[in-house]
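Chemist: Pasting a structure below so you can have a look.
No lab work stands behind these numbers, since they all come straight from the coordinates. Keep in mind the model is a prediction, meaning the values are calculated, not measured. Every residue, glycine as well, gets a Cβ built from its backbone with ideal geometry; the counts of neighbours run over all protein chains shown.
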Amino acid sequence: MQTLLPILLLLLLSMLSACTLLTHDKPQLWLQRKEKPIQPVSQCGGMLSYYTALRVMSAKELDEELSRLRENVTHAQNTCDQLRLVMLLGMSKYRFKKYTEAEKLLKDIFEKEGTLAIQDKQFALLLADEIQWQKKTQSNQEALEKQLKKERAASLNLLERLAEAQSKLKELKSIDKNITAREQEISRPSTDKIPHEPK
């Protein structure tokens, strides 16, 4: 029994050293894995404040801001400026006119969506929904305008036909009046043509 004790102790120590080696290997395995970096909640920041600022700008200031953002997007390819530009294109001054440009910007943003922070991605989705709503509204408005144009044309046509009918009716009344007057002349001979009896 005494001879087995040192052997058991040696085995126990060798097992403990093996466990220690395994635990030292684990951090190296974790380091080899490529973890995705944790994205911030928003990297653009202050988008709602920017929207509030846009709302109080004059038409001239909005045009200047539009030019500035387009230049930034063209040269710097800044995702945050792309979002700001999409927001600006959705303002009432440009609404229904620039949604095609806004859609292209959003498409580009979503293609590089790995660079977007969570809040910015949500904001981009909100803007995309707004653009879709604008397109649908514009389509409905155009359909209504087209229908109204058709109805106006039909109404003008009816008015023209009514005016023609009234003109014809007036002519017929005039002809009828002339015929009646002639009939009365025929049925009542003139007293001048009747010979007078001698007194």
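Chemist: I need 110, 123 ordered by Cβ neighbour count within 10 Å, fewest first.
Modeler: Numbers: 110 13, 123 22.
So the ranking, lowest neighbour count to highest, is 110, 123.
Chemist: Kirkwood Rh, Cα Rg: Rg to Rh for region 47-143? Intermediate results must be reported in sequence, preceding the final value.
Modeler: Details: Rg = 13.2 Å, Rh = 13.7 Å.
We get a ratio of 0.96 for region 47-143.
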